[in-house]
Amino acid sequence: MASSRLVRVRVLQVAYDDAEDPDVRLERVSALVRAQRGADLVVLPELWAHGAFSPESWARDAVRLDGDLVLSLGELAAELDCVLHAGSVIERVAEGQPPGPSGRGLWNTSLVFGRDGRLTTAYRKIHRFGFGEGEPQLLEAGDTPTTMELSQGTAGLATCYDLRFPELFRTLVDLGAEIFVVPAAWPAARRDHWELLGRARALENQAYVVQANTAGRHGGVDMGGHSQVVDPTGRVIAQAGDGEEVLSVDIDLTRVEEFRDAFPVLPDRRL
């Protein structure tokens, strides 16, 4: 049997509303992150610092990847000596860089910091939600399937609406992913989809899925909560409720190897 590859995961389901000042939220969430000492991987939700349903403020509040918010998140990772998946931010194009095919210069970008506090990975969300409005109207689309390296193995990155597109996850498996990390701002109205799609992406790819959702209500939308961790057999091994909550779960990537060896579905792919 392969040696254990244990990952101590903490999923931070952040709740907020429109009345909370963003600076207060940053301070509050930073304290929540600091409380996770001893974790290998800490995960925050999508756009928790900006508001996923506050598109009118995105351009104003967008940040560059060398800006103060990003630097402060890196300092948190170094302070805790953990990998911090800081959810996503509205990224503003760096000075002197091209603004993307549509000329908008803004992306929904997930940020991952290493144990030394360095920004190691930035994933620009590929599938923008809004059916022609919201993200598609305001943001550029990412175009690069992205993985990050943990000391225990490889993780594939996806964000919220990406969960509905299985071909992305197949591509991430081909890039070596054994665990998927999915920050989100998924509404309560479609919570059953959130839970079902997470289980499906886990089972069909024989991989762990770590889903970090938002709670609370903002932009007139009730958020879904119910962050969850799903094992490679599609079984939910940890799930949050409706409010702010931290999931603490240890996952062993050895189980991915064992399940893929015992039930070798992936080598039978023909497309």
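Here are a few things to note about the model shown:
To keep it simple, each residue is scored yes or no on (1) in contact (Cβ under 8 Å) with a residue 40 or more places away in the chain; (2) under 21 Å from ILE126 (Cα atoms); (3) assigned to a helix (DSSP H, G or I).
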{"site": "GLY176", "(1), (2), (3)": "no, yes, no"}
{"site": "VAL181", "(1), (2), (3)": "yes, yes, no"}
{"site": "ALA185", "(1), (2), (3)": "yes, yes, no"}
{"site": "ARG190", "(1), (2), (3)": "no, yes, yes"}
{"site": "TRP194", "(1), (2), (3)": "no, yes, yes"}
{"site": "GLY198", "(1), (2), (3)": "no, yes, yes"}
{"site": "LEU203", "(1), (2), (3)": "no, no, yes"}
{"site": "VAL210", "(1), (2), (3)": "yes, yes, no"}
{"site": "GLY216", "(1), (2), (3)": "yes, no, no"}
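- Test result for VAL221, touching a strand residue (DSSP E or B) at 6+ places or on another chain (Cβ under 9 Å) and either surrounded by fewer than 18 Cβ atoms within 10 Å (Cβ to Cβ) or closer than 26 Å to TRP48 by Cα (or both): yes
- Flag for ARG235 being surrounded by fewer than 17 Cβ atoms within 10 Å (Cβ to Cβ), over 20 Å from ALA155 (Cα atoms) and of a type in the set (Lys, Arg): no
- Per the conditions (1) within 23 Å of LEU168 (Cβ to Cβ); (2) modelled with pLDDT of 95 or more, the sole criterion not satisfied by ARG270 is (2).
- Summed over the range 1-16, residues that are modelled with pLDDT under 95 and either exposed (fewer than 12 other Cβ atoms within 10 Å of the Cβ) or of a type in the set (Gly, Ala, Ser) (or both) total 4.
- Checking LEU197, LEU172, LEU247 one by one, the residue that is of a type in the set (A, V, I, L, M, F, W, C), under 30 Å from GLU56 (Cβ atoms) and buried (at least 17 other Cβ atoms within 10 Å of the Cβ) is LEU197 and no other.
- For the range 134-161, residues that are of a type in the set (Ser, Thr, Tyr), over 13 Å from THR121 (Cβ atoms) and over 13 Å from the mean Cα position of the chain (by Cα) total 1.
- Filter result for THR109 (in contact (Cβ under 8 Å) with a residue 60 or more places away in the chain and β-branched (Val, Ile, Thr)): no
- Top-ranked residue of the range 17-32 - restricted to ones that are touching a residue at least 60 places away in the same chain (Cβ under 8 Å) and surrounded by fewer than 15 Cβ atoms within 10 Å (Cβ to Cβ), ranked as nearest to SER227 (Cα to Cα): ASP17
- Checking ALA141 against (1) surrounded by 24 or more Cβ atoms within 10 Å (Cβ to Cβ); (2) part of a loop (DSSP other than H, G, I, E, B), the condition it does not meet: (1)
The values are calculated or read from the model by the stated rules, or taken from the named source; none is laboratory data. Bear in mind that the values here come from a model prediction, so they are computed numbers and not experimental data. We place every Cβ from the backbone using ideal geometry, glycine too, and count neighbours over all the protein chains shown.
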